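To keep things clear, I will list the structure first and then write my remarks on it.
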Amino acid sequence: MIDVKMQQQLKQHFGNLVNPVVLALNLDDSNKSRELKTLADQLSNVSKLIIVKQISDDQLKAPSMELIPMEQGAEQTSCIRFSGVPSGHEFSSLILAILQTGGHPPSLKDDVLQRIQNLVISKPIKFTSYISLSCQTCPAVVQALNALSILQPNISHEMVDGSVFQDEVKAKEIMAVPSVFSGDQ
């Protein structure tokens, strides 16, 4: 998946990590799970600050990858999850999410950053974005919601690859991507 040239680029990018990041994988015995495990292992081989951990949780989608920040040697609360394999156009979303989860600040204009940080959000909000790996506009939505999740402790975001979770897409009657839902709606 990740060739030598890409490894070199990632090594440079991951030099901006401040804290370790755990890639917590919830897998089943599907080909997509094997693909996600391979991707996670390849990323961890690029940086010692990326740690792969397998979890087993029937309440979560499989395959999925949760990004968990580690500060002062302890896992913190996660706010970003990728359900499916974030490849294609979403690969850059994954790399940015790892960097931001690892302490590298999102690249936003100062006034936008300030407005997001000044938001008062008293109750947890979970955003779910349904995407297609071939969608060219989906990464902008995923990256914006990930940045919100990093900057606001009561916001979380899950990216869902609609081709992997087709039953969910049908149940929600999603006809176009990106489609963003809040909570269970």
Tell me, which residue of the range 150-174 that is within 15 Å of the chain's Cα centre (by Cα) and charged (D, E, K, R) is surrounded by the fewest Cβ atoms within 10 Å (Cβ to Cβ)? GLU158
Checking HIS104 against (1) open to solvent by 40 Å² or more (accessible area, probe 1.4 Å); (2) touching a residue at least 60 places away in the same chain (Cβ under 8 Å); (3) of a type outside the set (Val, Ile, Thr); (4) in a helix (DSSP H, G or I), only one condition comes out false. Which one? (4)
Within the range 111-139, the residues that are open to solvent by 10 Å² or more (accessible area, probe 1.4 Å), among the aliphatic types (A, V, I, L, M) and closer than 18 Å to SER182 by Cβ are ILE116, LEU119, VAL120, ILE121, ILE125
For the range 85-101, which residues satisfy the criterion of being modelled with pLDDT of 95 or more and open to solvent by 60 Å² or more (accessible area, probe 1.4 Å)? LEU96
State whether the residues of the range 140-149 include one that is open to solvent by 50 Å² or more (accessible area, probe 1.4 Å), of a type outside the set (S, T, N, Q) and either over 30 Å from PRO105 (Cα atoms) or touching a strand residue (DSSP E or B) at 6+ places or on another chain (Cβ under 6 Å) (or both). no
Testing SER129 on (1) under 21 Å from ILE68 (Cα atoms); (2) hydroxyl-bearing (Ser, Thr, Tyr); (3) touching a residue at least 60 places away in the same chain (Cβ under 8 Å), one condition comes back false. Which one is that? (3)
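The values are calculated or read from the model by the stated rules, or taken from the named source; none is laboratory data. In this text the structure is predicted, and so the values were computed from the model without any measurement. Virtual Cβ from ideal backbone geometry, glycine too; neighbours counted across all protein chains shown. The accessibility values were calculated without ligands, DNA or RNA, using every heavy atom of the protein model including side chains. Shrake-Rupley method; radii C 1.70, N 1.55, O 1.52, S 1.80 Å.
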